[in-house]
Amino acid sequence: MAETTVSPATQTEKEEWFGKKERKLLVDPIDNDNPVTVQVLGVCSALAVTTMVEPALIMAISVTLVTGFSNLIISLMRKGIPKQIRMIVQLVVIAFLVTVVEQVLKAYNYEVWNKLSVFIGLSITNCIVMGRLEAYAMANKPWRSFLDGIGNGAGYGLILIIIAVIREITGKGALMGFKIIGPSADYLINTQTSALFGWYQPNGLMVLPASALFLVGILIWIQRSRNRKLVDVS
Amino acid sequence: MSNRYIIIYTLIMTLVVSVVLAFVVKGLEPMHVANEEVFKKKEILGAIKEQLGADLTKMGDKEVLELFKNKVEQVVLDANGKPVEGEQAEKISMAAEEKKPEADRHYPLYIFKGDKGSLYLLSLRGMGLWDKIWATVALQDDFNTVAGISFGHVAETPGLGAEIKDNPNFPKQFQGKTIYKDGQFVSVGVIKGGAKDKNHEVDAISGATITSSGVHSMMQAGLTPYLPYFETLKKK
């Protein structure tokens, strides 16, 4: 839509549907500009929802949808939003989207809603969402803002899922509810009868929120020793 | 930008958002209500899912309502354990009863008429870590042995407190426990660090101390209102 009406002066930077710049918007937040490990946003929910993979996965999807669409809506509205109340406007848009997602889920998949309504509500307060609105969507065009939102949601989700996989395996001896190792006949490896794994004990610390903080720390360490450029960023 | 612009902008924005949300919520409400009824009945039947003779998770909404209608008898008890005439147990909301003074509360009792005798389903409500928790306790017709239990909660932490509902091994522990010890009501305790009395105690969930002790207190307080009624049934 906007592309057809751009004046020649601004066309020096060629507008592409999905060029190098657009790809960078999507990929950068997943690694070198990750919202959790580099921008250090959204750590709170990374501690709370990562004891198991399933809630982490739903949280990742819902945050990605909300960052994507709130970026899109705010970017469309950006010229009309009064500066003085822009944060309130942003918050209204976020809360609106999250409520709609929750209501639709409640009507069409009540059991999943019942399990995860807390998390979906929590994504209103996720600082990544508002951070991207302030930092990107307020000053950029809708399509790019949308990509930026999706990229940041995905970067956040990736960290969430990595931590959840580690915590569920080491803390509960399971993955996505599939029982791998533990002290009863329900598990794939029964530590009560197995001679080889009789020594194994699940790590109770991994169930507690503090373990996620250690894991985020380790992830940051790994990422920065791999990419020296990041060391002085924050 | 002028103040007038800001005020008009805010008014229009809030108006648009609230109208759209109102339509979304009202439009989906019938589905929410229908879902809730099925969910509530599934939760109650969940306490006796092994005695149902059918897999509850595979049952459709219609089958659940049908089963409930045909096999479940409903009784409402007042605070003294006397049956109340002309009330339906499924119409009672434990959340609403909780707000009344104790003497005015009514308690729903569901009696499942199975092939192997009746099972008595009691509704309990208590407090977890973040919000309310509740349970349906199924007692055998000796009014002493727990046949099964199912839990529900508003907002316990998944992986920790929410395990009361999500982990089938927690409710399984209650099966076969008895609520009377030498004729004295002791209920079933939820004990941190391992249950010792194998007839009246179960293990708590590690990492979820407050939810576990919430279940413990609920088991103590929630069963008592039903006991006088069971005493009268025993005498018959």
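Here, each number is a calculation from the coordinates, and none is a lab measurement. On a predicted model such as this, the values are computed, not experimentally measured, just so you know. Note that we place each Cβ from the backbone using ideal geometry, even for glycine, and neighbour counts take in every protein chain shown.
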- Give me a single rounded figure for B:157-165: the average over its residues of other chain Cβ atoms within 10 Å of their Cβ. 6
- Message: What aspartates and glutamates does B:Lys132 reach when the alpha-carbon gap must be under 12 Å and sequence neighbours fewer than 8 apart in one chain are set aside?
- Response: B:Glu98, B:Glu156
- Query: For B:Pro228, what charge total do you get from the other residues with a beta carbon under 15 Å from its beta carbon, if Lys and Arg give +1 and Asp and Glu give -1?
  - Reply: +2
- Just how many % of Cα pairs in chain B lie over 23 Å apart, if you round to the nearest whole percent? 55
- Within 10 Å of each residue's Cβ, count the other Cβ atoms and sort A:Trp143, A:Trp221 from fewest upward. A:Trp221, A:Trp143
- Report the local net charge at A:Asn32: Lys and Arg +1, Asp and Glu -1, summed over other residues whose C-beta lies under 11 Å from its C-beta. +1
- Item | Exposed GluC sites (Glu not before Pro) absent - longest run of chain A, DSSP non-H/G/I/E/B, at most 13 other C-beta within 10 Å | A:17-234
- Query: Over 29 Å between Cα atoms, which of B:Lys62/B:Lys100; B:Lys82/B:Lys177; B:Lys91/B:Lys196; B:Lys26/B:Lys82; A:Lys106/B:Lys99; B:Lys71/B:Lys91 qualify?
  - Reply: B:Lys62/B:Lys100; B:Lys91/B:Lys196; B:Lys26/B:Lys82
- Residue exposure sequence - B:His153, B:His216 - by fewest surrounding Cβ within 10 Å: B:His216, B:His153
- Helix A:110-122 axis, angle to chain A major axis (alpha carbon atoms, nearest 10°): 60
- Message: I need the Debye-formula profile for chain A: one equal scatterer per C-alpha, no solvent, reported as log10 I(q)/I(0) at q = 0.11, 0.16 1/Å, two decimals.
- Response: -0.66, -1.14
- The distance between the Cα centres of the stretch A:84-126 and the stretch B:2-81, in whole Å, is 17
- Query: Name the trypsin sites (Lys or Arg not before Pro) in the stretch A:78-170 that are in a loop by DSSP and that have at most 15 other C-beta atoms within 10 Å, would you?
  - Reply: A:Lys79
- Item | Those aspartates and glutamates that a straight Cα-Cα span of less than 14 Å connects to B:Lys234, excepting residues fewer than 8 apart in one chain | B:Asp141, B:Asp142
- Calculated Rg and Dmax of the protein assembly as shown using C-alpha coordinates, Å: 26.9, 95
- For A:Lys24, counting only lysines whose alpha-carbon sits under 19 Å away and dropping same-chain residues fewer than eight positions off, the answer is A:Lys14, A:Lys141, A:Lys229
- In degrees, nearest 10, range 0 to 90: what is the angle between the Cα axis of helix A:142-172 and the longest Cα principal axis of chain A? 10
- At least 18 Å along the helix axis (C-alpha) and Kyte average at least 0.0, DSSP helices within chain B: B:3-46, B:209-223
- Note on the structure: Env charge @ B:Ala155, Cβ radius under 9 Å, K,R +1 / D,E -1, value -1
- Expressed as an acute angle from 0 to 90° and rounded to the nearest 10, what is the orientation of the C-alpha long axis of helix A:53-77 relative to the principal long axis of chain A? 10
- Message: Once you keep just the Cα pairs under 8 angstrom separated by 6 or more residues, what percentage relative contact order results for chain B?
- Response: 15
- Note on the structure: Counting only backbone N atoms under 15 Å from a point 7 Å out along Cα-to-Cβ of B:Asp142, the residues of the stretch B:220-236 in range are B:234
- Evaluate peptide B:3-13: per residue, the Cβ atoms of other protein chains within 10 Å of its Cβ; return the mean as an integer. 3
- Could you put B:Asp182, B:Asp197 in order, starting from the residue whose Cβ has the fewest other Cβ atoms within 10 Å? B:Asp182, B:Asp197
